[in-house]
2 protein chains.
Amino acid sequence: MQIVGSILAVSSSLNVGKAGPMVHTGACVAAIMGQGGSKKFGLTCKWLQVLKNDRDRRDLVTCGSAAGIAAAFRAPVGGVLFALEEMASWWRSALLWRAFFTTAVVAIVLRALIDVCLRGECGLFGKGGLIMYDVTSANISYHLRDVPAVLLLAVIGGLLGSIYNLLLNKVLQIYNIINKKGIAYRIILACLISVSTSCLLFGLPWIASCRLCPSDASEPCPTIGRSGNYKKFQCPPGYYNDLASLFFNTNDDAIKNLFSKGTDTEFHHSSMLIFFGTCFFLSTFSYGIVAPTGLFVPVIVTGAAYGRFVGMCVGSNLNLNHGLFAVLGSASLLGGSMRMTVSLCVIILELTDNLLLLPLIMLVLLISKTVADVFDANIYDIIMTLKGLPYLKPHAEPYMRQLTVGDVVTGPLQIFHGIEKVGNIVHVLRTTGHNGFPVVDEPPLSSSPLLYGLILRTHLVTLLRKKLFFKTPTPIGLDAFLQFSADDFTTKDLGLCDQLDDIELSEEEMEMFVDLHPFTNTSPYTVVETMSLAKALILFREVGLRHLLVIPKVSERLPVVGILTRHDFMPEHIQNLHPRLLRSRWRRYPTSCKESPTMAYVS
Amino acid sequence: MQIVGSILAVSSSLNVGKAGPMVHTGACVAAIMGQGGSKKFGLTCKWLQVLKNDRDRRDLVTCGSAAGIAAAFRAPVGGVLFALEEMASWWRSALLWRAFFTTAVVAIVLRALIDVCLRGECGLFGKGGLIMYDVTSANISYHLRDVPAVLLLAVIGGLLGSIYNLLLNKVLQIYNIINKKGIAYRIILACLISVSTSCLLFGLPWIASCRLCPSDASEPCPTIGRSGNYKKFQCPPGYYNDLASLFFNTNDDAIKNLFSKGTDTEFHHSSMLIFFGTCFFLSTFSYGIVAPTGLFVPVIVTGAAYGRFVGMCVGSNLNLNHGLFAVLGSASLLGGSMRMTVSLCVIILELTDNLLLLPLIMLVLLISKTVADVFDANIYDIIMTLKGLPYLKPHAEPYMRQLTVGDVVTGPLQIFHGIEKVGNIVHVLRTTGHNGFPVVDEPPLSSSPLLYGLILRTHLVTLLRKKLFFKTPTPIGLDAFLQFSADDFTTKDLGLCDQLDDIELSEEEMEMFVDLHPFTNTSPYTVVETMSLAKALILFREVGLRHLLVIPKVSERLPVVGILTRHDFMPEHIQNLHPRLLRSRWRRYPTSCKESPTMAYVS
């Protein structure tokens, strides 16, 4: 689905990227593997069953994304770093190793396929090597006097990046409203964007004047065929239209063209500016329509046009040629909109194979990210907030320091006893959507109410299905496990949550009892209710939890006060509970704020 | 100190690296900055005071290490990754950004200095660009039939790496015994190593026979001057000694020589094998003597010699030249001994500027790490275990699953009351070495004993110094803070722990009371005593704690059972407490064991 949609979207010359869909495809394949193959398509595989748990599934999705970037940009190391910097909310050293393994395999397979293709055995796809936009020149030299221009480029790039994010945010909000109205509106929207893109692409080159072909052109000028640097458009022989040369190529070819050296005179100032503006707006409007689209490549194209324009304006008395300015421009816009550092650096390095430019790229990324961080959040946070996904920020918001865990625990708490009536379990599972329940032992079993542990909904459903019930509340031994295979407790296919309805229980069975003890996680993570919310968030995020039990400060009737999930940490939820905070000065705070050096984190 | 020692050691042609000392120097500078400048050398700086807390100090040390690698290898991105993969026991996204900032500055300064040097303003140091061992060739091509040779190289490289670690472990154990005997023994040892190194370097070239100079040599042959590929040694004019050419160069030149293409016929099989063997043993024996030494460069040289030897043996019917085999050999030995993946990959990439070789380098690193992991731990773990540093492994050992937190809590627990007698505090601080103490409120202040929080030793010492005492046990308000500046509570200079003795307290003062409430961390992380040790370790490590309070399962007289520190999680400590575990099958387990997909981590 993704792949087909992406191919269609890219080939219809919409201003969209292919990296996003590739990452999504990689993640989807990984998620399907994480389910032990898709039952729907009959693709089950015995050895994949070992991967059927939460942690491995998350890891697989991260590795899948890494593989997607590695394949899209032929940048294996960049893929690993992208996955870690942007995708993984939970870092482990084993994850690094797995992601590296995945992308290494991708790199080797890619290299082998290139090997096959170079022998001419794959027709049209035979072009291109491991480096997509090769800008290697014998020896790039730049000196201190080139630095001010680069600094200027980086600062403006950062500003443009934050404007890009702002614009995309607004556009996506409008699209969200349209998309909610139904599938017909979505398709009309997609068609509208597509038609207006085409109109712009064919209309704008009329503005540009024809330019004389250079006498020392490396390829025939003007070119009329499939691809080339000098498009004829409507010009007389011997002339070319520079704007058409940019518009009528694929994004990849346009980037190659913009990055290449020795083409300093090929484009006119006004053409470059028009191209930049068109790309800037088209890429924001093209993202978020029904087709699967990416952001990476459009941002690179836009940035390259911007960088080249700056290079043209600064003049030719510098050592850096316009192609290098285009590379730096892409870096600045990427840094300004995506706000990654190391991974972008490596991806650009792997795209262009230009190690000597590394110090300048690092400088540009540093500055553009810093400038853009002043204004708004990074593009992935914006998109996730718009989609309403409960993504936990790595930092605790400042107002969380002033709240305790007890302040955000809500709702009626559903607990189970160590030995529970079947009817109760069914009722609670039917009436609530919680995925984890505390298990408490009460006086007949212990001297005072004791927190025994945490039981998961999926395990309860499995228990009900097995019907290991007793007439009287008797504890069962560990031999109960013999009736279950490990497979029964592995995470089931996503989207099959309503398995409860499949289980038929008689009236008699509903009155029976089941012993939950052997199936309970006896050491869940707990926090005391007076714990600061900020510190609880750190625990939740760093350890990668789904449920966090809150226990009372002083012994009360119940040994558990509540249960925290990801949703309880979301700013929206907290601000609903404590509207006072909304009005306070903490309301909007830059995401990269540095925590003050208090004692809060010293433990 | 470090720098001078390192320069002396490298220039005395010991087989040692410069990266280690550079990393250490970077970390030391960072640690001094973390103390707000060194008071000893009068280098205090006002704005550095904000960095005076634990977390920032750790971050600074990590960034310092990154800067060290970036400067030693001119590999800024590799430096960031090295610091994250190997040094940081605690990962945060802000740390990535800081490390990136540090190395970007290093890269830019380096580039600027190179710029200055290229104008010939720094004498002898003027050589070398941003890429240390440039092996770029117009187009490297390799095909599927080259892969078996590379696989063989990687497997043997992994084996050699684990043997290297084993040997280094034994050598360091012997050195530890010698070093304990006193400074005289240490110096004798260093001299012994130095003399025997010199003897080997001058003695071994006699074995090699003289070789005829090639007619198309790119530089004068034989060379007699400071540096060159063809050393004359004792050969007649027109001949050169290939072994001398390797031995009588600096490590850097030797690596350049081995990595370079077009020198396939320069060395003889036997010379290469002798050079490899000598490097292999000399580098293990040279590490760990008194001089500050590194491991990176010796391993690269040894690996390059090994790779080139394999390249020679495999024969010339492959597409890969011997220089590329040398690069892959270095990669395999680095992978086999240091066991890093992404960072090594990027460092090698930045050292050699050879992006096309990336798939092969990834393949080699994957295989050599996997092979070596079967046999022993990575070299940094070995060194840290030998030095007795309490370094927490990222993985919980399997036997920790079978223990609860309550099983490892030891010793008499020292607690303070919310309002405590000064005499008591002084007594406890004098008689114990703990750094954190639980604060408990007892009945006059609360209805039942309540855990109020955790107070740090340094804060207690500050309180005693300020002498904010009362005749009766009265609570003080928050205005107590007005008497303190934030500076009073910042972490003090390392090594000044005995500040307690400086405080003079009269008999009368010892009988007075102090209110600890305002100075206590009221939300320390806690675990219930029945929590599995493995899960507590994950919490401890992922959140980056120093103290973890253990609270009882059922309400007892005391609301706290004990306090866990880093030492309580060390395998040695646990095995002392539970010698039964020593005899069980869990005793020795490969470090990279994959945890079985139980429910233990799902929460």
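The values are calculated or read from the model by the stated rules, or taken from the named source; none is laboratory data. If you're wondering where the values come from, they're calculated on a predicted model, not measured in any experiment. Positions of Cβ are backbone-derived with ideal geometry, glycine not excepted, and every protein chain shown enters the neighbour counts. Just so you know, the surface numbers come from the protein's heavy atoms only, side chains and all, with ligands and any DNA or RNA stripped out. Shrake-Rupley method; radii C 1.70, N 1.55, O 1.52, S 1.80 Å.
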Heavy-atom accessible area per residue - segment A:332-445, 1.4 Å, Å²: 32 Å²
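Where does each of A:ARG541, B:ARG546 land when they are ordered by accessible area, with a 1.4 Å probe and the largest first? Display every interim value, and only then the final one.
On the way: A:ARG541 35, B:ARG546 120 Å².
Descending accessible area places them as B:ARG546, A:ARG541.
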Extension gain (nm, one decimal) between A:LEU152 and A:LYS181, 0.36 nm per residue minus Cα-Cα: 6.0 nm
Residues meeting the amide H criterion for B:THR404 (H placed from the backbone, H to H distance under 5 Å, 5 or more places apart or on another chain) are B:LEU533
Once amide H atoms are placed 1.01 Å from N in the peptide plane, what residues at a sequence separation of 5 or more from B:PHE248, or on another chain, have their amide H within under 5 Å of its amide H? none
Copies of A:ASN576 compared via label points 7 Å along Cα→Cβ give distances in nm, shortest first, of 5.2
If you average the alpha carbon positions of segment A:407-436 and of segment B:150-215, how far apart do those two centres end up, in angstrom? 66 Å
Heavy atoms of B:HIS143 accessible to a 1.4 Å probe, total area in Å² rounded to 10: 70 Å²
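Greater than 20 Å separation of Cα atoms is the criterion. Which listed pairs, A:LYS231/A:LYS261; B:LYS231/B:LYS261; A:LYS535/B:LYS467; A:LYS421/B:LYS535, meet it? The partial results should precede the final answer.
Working: A:LYS231/A:LYS261 18 Å; B:LYS231/B:LYS261 18 Å; A:LYS535/B:LYS467 31 Å; A:LYS421/B:LYS535 31 Å.
Pairs exceeding 20 Å: A:LYS535/B:LYS467; A:LYS421/B:LYS535.
Sorting A:VAL374, B:VAL422 by accessible area (1.4 Å probe), largest first, what list results? Let's see the in-between values first.
Numbers: A:VAL374 105, B:VAL422 0 Å².
From most accessible down to least: A:VAL374, B:VAL422.
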Total accessible surface hidden between A and B, rounded to 100 Å², 1.4 Å probe: 7800 Å²
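Roughly how crowded by other chains is peptide B:344-353, in terms of the mean Cβ count from those chains within 10 Å of each of its Cβ atoms? Numbers along the way, then the final one.
Values: counts 0, 7, 8, 0, 0, 5, 3, 1, 1, 6.
So the per-residue partner count for this stretch is 3.
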Cβ-vector label at 7 Å, A:GLU508, separations to other copies in nm: 8.6
Got a number for the accessible area of B:THR458? Probe 1.4 Å, square angstrom, nearest 10. 60 Å²
Label position 7 Å from Cα toward Cβ: report the copy-to-copy distances for A:PRO398 in nm, one decimal, ordered from shortest. 5.0
Could you work out how far the C-alpha centroid of segment B:322-374 sits from that of segment A:298-344, in angstrom? 32 Å
Taking the full set of protein chains and a 1.4 angstrom probe, give the accessible area of A:HIS417 in square angstrom, rounded to the nearest 10. 70 Å²
